[in-house]
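These notes concern the structure reproduced below.
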Amino acid sequence: MGAVLNLTPAGSGRASTGLNPSEASVAAANAAAASFAALTAKLDYLEPSEAEQVRLAYRYADQAHLGQLRNNGEPYITHPIAVAAQCAEWKLDAQALMAALLHDAMEDCGITKPDLIERFGAPVAELVDGLTKLEKLQFTTREENQAESFRKMLLAMARDVRVILIKLADRTHNMRTLSDVPREKWGRISSETLDIYAPIAHRLGLNQTYRELQDLSFSHLRPWRYSVLSKAVAKARSRRRDLIQKVQRDVEAVFSAAGMQVRISGREKSLYSIYSKMNDKHLSFAQVTDIYGFRVILSDIPDCYKALGVLHQLYKPVPGKFKDHIAIAKVNGYQSLHTTLVGPSGVNVEFQLRTEGMNVVAESGIAAHWLYKASEPGDGTGDRMGSKWLQSLLEIQYETHDAAEFWDHVKVDLFPDAVYVFTPRSQIMALPRGATVVDFAYSIHSNVGDRTVAAKINGEQVPLRTELKNGDVIEIITAPVSAPNPAWLGFVRTGRARSKIRHHLKTLAYAESQGLGEKLLTQALRAEGMEKLPDNDAAHQAIWDKLLRFTGSRNREELLTDLGLGKRIASIVAKRLMTLLSESGEKPNAVLMTRERYTAHDHVSQGAVTLDGSENASVQFALCCRPVPGDEIVGYLGRGEGLVVHTSDCAVARRLQHKDSERFITVGWSDEPVRTFETCIVTTVHNGKGVLARVAAALAAAEADITHIDMSDEIAQDATDLRFVIAVRDRAHLDSVLRNLKRTPSVLKVVRAAPAA
């Protein structure tokens, strides 16, 4: 995540007053009183008792911030008042307004959460606490502190969406006053706003705030480009004023003739939106045709569709430029009909048609829940818009304990675009653009995602990495024994899917590593003369406690897992365990010790790790030599990687053995492996038509699956090499495959690829 994330208020620089105390307090009182009077005028939707509570919070905050100034010289209290005023625009309740006024009190003024609970109640204190970043001393790095602070805010927001609404109001006012902050801070603060807060505003449907944050960030990140583009838009506005007025007159006339009551307003594309379009599509300003448009507000949904027909009769629609977001709302709750028409002089003009309610939602998003509450208390707007995403944050947090990883998961969900797909029962689901079949499976339920083996889109079977398109009907095929594949992490797009897969793989890896660690410790203990590990019971508890103190592990399971992951050496732990057992009166078996120590090099001893292919995350088969059953093999306990298996003649394994010999353990193959294993073969063939098909047919006839093909670049040569990665049962099966290939016409030579040097 880097340095882009910092939750200190962007424009909140303090300065000491340059006046004497009495002059400073008078000036502060006058400025604060003036700004609070403006806030009071916006509180008419509150009950008198609630407005009085807000006033008490103001007085408390005013006293707490007394003597503090912002960088522009104004009393600091003007900032909390401005934040509360924005929240009042969204008609948030009294508790949210009180929290907005107090949002910096805990962080900057030494006021504690118990103080706020006693004075204003637990709900207000919880809101303020959710907005307060953690103490930096708890963290080792700035980045870790930032990630943890952001996670705290997001989780508080998932429990109570008012937290992020207050935070967005705070950030908006700080961006409006960013010019008062030293210029060297502009880049970091603006990038953070553009990368984090603007996408969150969009994800929650706060489009007005989203556009303002983008434009304010753009103006401070690229001041020269912002200025040039602003002038270009002003010129274009002046040139096209007559055209826009003509379109508006024509539209008003045609609706009047149709007997429809409408409200028409102009809409201008934001500067950042124009800049992004020019940048992404490599367009000049003159090529951006949809700078101006109109918003048509109608009484109900049928009128929206009727108005669409009226407009299409007035001007010709541009093919492919119609979107119905009423029937299929955007993921953040936005609803509207969009159509682009060819207006006078061939200029494209976009129209958005929506009802009054949709217009409120379009501008205020999830905040519309409060705007609607007085007139439509049961409409559930707040539940529809963004709440599913907010709840998914809690699930991701449950499975992700690392703050930076949590932020990585959340970032992928902040995409503004979405695709809309259907379940086989015609339920519509919204996913980020680029989402795959696996993302869809996890969006239904984590158990469905974990058990996915195949999928069908519109009745046809497709690979699991297939990206979804609007209107696809997706059917997921599951199997009880299936489990998530680590390769899925390479293509899933949603934070929910990514966190679920990682959580499952971690759980699986630790469970398997614990079993492997127990095997390794038992094997090492046998070499010390003890048949098996001491039981995990009360009689041996003191021995295990001493061993855990020696290794620094929290419990027996963690110790065994660390052994399986190669973080600890089994022989060293076994020696210490044997010493503890001897001190408690248990003596080693001399015969067992001799047999284990002096025969393990000649053949696989009873304590060796036996491999049958059922091992998953705890055992890896090295790609440099790709061992198969029947090969002589060695096992290397990589640090934190688990057990890595090499062929005994592998050059990589020999180098590791030379410098890290204590990490090698005895391994052997099971008599009955449960799966196939990949290996690489090199086939030299005559160039000609149909050669690859003949070789592939020969491999299929030998019952070998092809998992990868690599062809030489020397296409024009008489002979060329084909490298195949194939799956075989064992060494005997591989020999049979090689013999079958040698008998194939056009094959000059075939060998197993030598291990990497």
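List the helices (runs of 4 or more DSSP H) inside segment 161-240, counting only whole elements, that have at least 2 residues being free of Cβ contacts under 8 Å to residues at least 40 places away in the same chain and not assigned by TED's automatic domain parsing to the domain that holds His79. It would help to see each step written out before you state the result.
On the way: elements: 162-176, 186-192, 198-203, 207-221, 223-239.
Answer list for segment 161-240: 207-221, 223-239.
Within segment 544-581, can you find the residues that are under 14 Å from Leu637 (Cα atoms) and not in a helix (DSSP H, G or I)?
Correct list: Leu565, Gly566, Lys567, Arg568, Ile569.
Within segment 575-587, identify whether any single residue is crowded, with 19+ Cβ neighbours inside 10 Å, more than 16 Å from Glu512 (Cα to Cα) and modelled with pLDDT under 70, and answer yes or no.
Within segment 575-587, none of the residues are crowded, with 19+ Cβ neighbours inside 10 Å, more than 16 Å from Glu512 (Cα to Cα) and modelled with pLDDT under 70.
Filter segment 434-448 for residues that are at pLDDT 90 or above and not polar (S, T, N, Q); which is surrounded by the fewest Cβ atoms within 10 Å (Cβ to Cβ)? Even if it seems obvious, please write down each step before you answer.
Applying the first criterion (at pLDDT 90 or above) to segment 434-448 yields 436-442, 448.
Checking the rest, the ones that are also not polar (S, T, N, Q) come to 437-442, 448.
Numbers: Val437: 27, Val438: 27, Asp439: 25, Phe440: 28, Ala441: 26, Tyr442: 27, Val448: 14.
Selected residue: Val448.
For the condition modelled with pLDDT of 80 or more and within 25 Å of Gly471 (Cα to Cα), what is the one hit in Phe322, Phe294?
On the way: Phe294 fails: within 25 Å of Gly471 (Cα to Cα).
Among Phe322, Phe294, only Phe322 is modelled with pLDDT of 80 or more and within 25 Å of Gly471 (Cα to Cα).
Among the residues in segment 675-698, are any surrounded by fewer than 17 Cβ atoms within 10 Å (Cβ to Cβ), outside the structural domain of Ile633 (by TED's automatic domain parsing), in contact with a Ser or Thr (Cβ under 7 Å, 6 or more places away or on another chain) and among the aliphatic types (A, V, I, L, M)?
No, segment 675-698 has no match at all.
In segment 202-230, which residue that is basic (Lys, Arg) and under 22 Å from Val181 (Cα atoms) is surrounded by the most Cβ atoms within 10 Å (Cβ to Cβ)? Please lay out each step first, then the result.
First, pick out the residues of segment 202-230 that are basic (Lys, Arg): 203, 211, 222, 225.
If we keep only those that are under 22 Å from Val181 (Cα atoms) too, we end up with 211, 222, 225.
Details: Arg211: 19, Arg222: 16, Arg225: 15.
Of everything passing the filter in segment 202-230, Arg211 is surrounded by the most Cβ atoms within 10 Å (Cβ to Cβ).
Any residue at all in segment 235-242 that's modelled with pLDDT of 85 or more and either buried (at least 19 other Cβ atoms within 10 Å of the Cβ) or within 18 Å of Ser270 (Cα to Cα) (or both)?
First pass over segment 235-242, keeping only residues modelled with pLDDT of 85 or more: none.
No, the conditions are met nowhere in segment 235-242.
Hey, Ile706 hits all of (1) touching a Leu at 6+ places or on another chain (Cβ under 8 Å); (2) surrounded by fewer than 16 Cβ atoms within 10 Å (Cβ to Cβ); (3) farther than 26 Å from Asp612 by Cα; (4) not polar (S, T, N, Q) but one; which does it fall short on?
Ile706 satisfies all of (1) touching a Leu at 6+ places or on another chain (Cβ under 8 Å); (2) surrounded by fewer than 16 Cβ atoms within 10 Å (Cβ to Cβ); (3) farther than 26 Å from Asp612 by Cα; (4) not polar (S, T, N, Q) except (3).
Being hydroxyl-bearing (Ser, Thr, Tyr) and surrounded by fewer than 20 Cβ atoms within 10 Å (Cβ to Cβ) is the filter here, so list the residues in segment 294-338 that pass it.
Going through segment 294-338, the residues hydroxyl-bearing (Ser, Thr, Tyr) turn out to be 299, 305, 315, 334, 336.
If the condition is that a residue be hydroxyl-bearing (Ser, Thr, Tyr) and surrounded by fewer than 20 Cβ atoms within 10 Å (Cβ to Cβ), then Ser299, Tyr305, Tyr334 are the ones that fit.
Being modelled with pLDDT under 85 and farther than 23 Å from Asn359 by Cα narrows it down to one of Ser284, Ser217, Ser270, Ser265, so name that one. Spell out how you get there, then give the answer.
Values: Ser217 fails: modelled with pLDDT under 85; Ser270 fails: farther than 23 Å from Asn359 by Cα; Ser265 fails: farther than 23 Å from Asn359 by Cα.
When all the criteria are applied, what remains is Ser284.
So which of Phe440, Phe491 ends up being aromatic (Phe, Trp, Tyr), within 21 Å of Gly333 (Cα to Cα) and out of contact with any helix residue (DSSP H, G or I) (no Cβ under 7 Å at 6 or more places or on another chain)?
Going through Phe440, Phe491 in turn, just one is aromatic (Phe, Trp, Tyr), within 21 Å of Gly333 (Cα to Cα) and out of contact with any helix residue (DSSP H, G or I) (no Cβ under 7 Å at 6 or more places or on another chain): Phe440.
The values are calculated or read from the model by the stated rules, or taken from the named source; none is laboratory data. In this text the structure is predicted, and so the values were computed from the model without any measurement. For neighbour counting, all protein chains shown are included, and Cβ atoms are generated from backbone atoms with ideal geometry for every residue, glycine included.
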